[in-house]
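Just passing along the structure, written as structure tokens.
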């Protein structure tokens, strides 16, 4: 690129900036004049006008989880409900006593997700939750595993198939 062309481009950009800035300053002056008119119509003097509220950005906060024991909510709920079924408030109080700390303002919502979410891992009996009955994989027994599988398709004997085909042809 030739230096004279780049200088011309810089001058064009500078002219665009200056014109945009002057347009913005002119618009600002118009808005201030309109604001003075509105204050006059409302009967407010300049010293009565409340100052503009500055928006202070929220500083990032550090979230703290599992402060005391480093236990997860699921493990804590399994531990406290192992002995006897409990209601949600009882579970929440027990896991907090156990040492579970949540960064959430409403840990009940986390507990709801655990108890009612997809594939709930806890048995609900009239509002009291307890750990589920062990599954076939957990117990390892073949009988329970067979019962958990979908039923097998029935197979028809050759003689029965032949009898049905004779009846169907006779129709």
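The values are calculated or read from the model by the stated rules, or taken from the named source; none is laboratory data. The shown structure was predicted, so the numbers you read here are calculated from the model rather than taken from an experiment. Every residue, glycine among them, receives a Cβ derived from its backbone with ideal geometry; neighbour counts consider all protein chains shown.
Within region 105-124, take every residue that is surrounded by 13 or more Cβ atoms within 10 Å (Cβ to Cβ) and in a loop (DSSP other than H, G, I, E, B) and give me the one that is modelled with the lowest pLDDT.
Going through the qualifying residues, I end up with 120.
Only residues that are in a helix (DSSP H, G or I) and either touching a strand residue (DSSP E or B) at 6+ places or on another chain (Cβ under 8 Å) or modelled with pLDDT under 80 (or both): list them for region 125-171, please. Spell out how you get there, then give the answer.
Initial filter on region 125-171 (in a helix (DSSP H, G or I)): 136-139, 142-148, 158-170.
Of everything in region 125-171, those that are in a helix (DSSP H, G or I) and either touching a strand residue (DSSP E or B) at 6+ places or on another chain (Cβ under 8 Å) or modelled with pLDDT under 80 (or both) turn out to be 136, 137, 138, 139, 142, 143, 144, 145, 146, 147, 148.
I'd like the full set of residues that are surrounded by 15 or more Cβ atoms within 10 Å (Cβ to Cβ) and outside any helix (DSSP H, G or I), limited to region 73-100.
85, 86, 100
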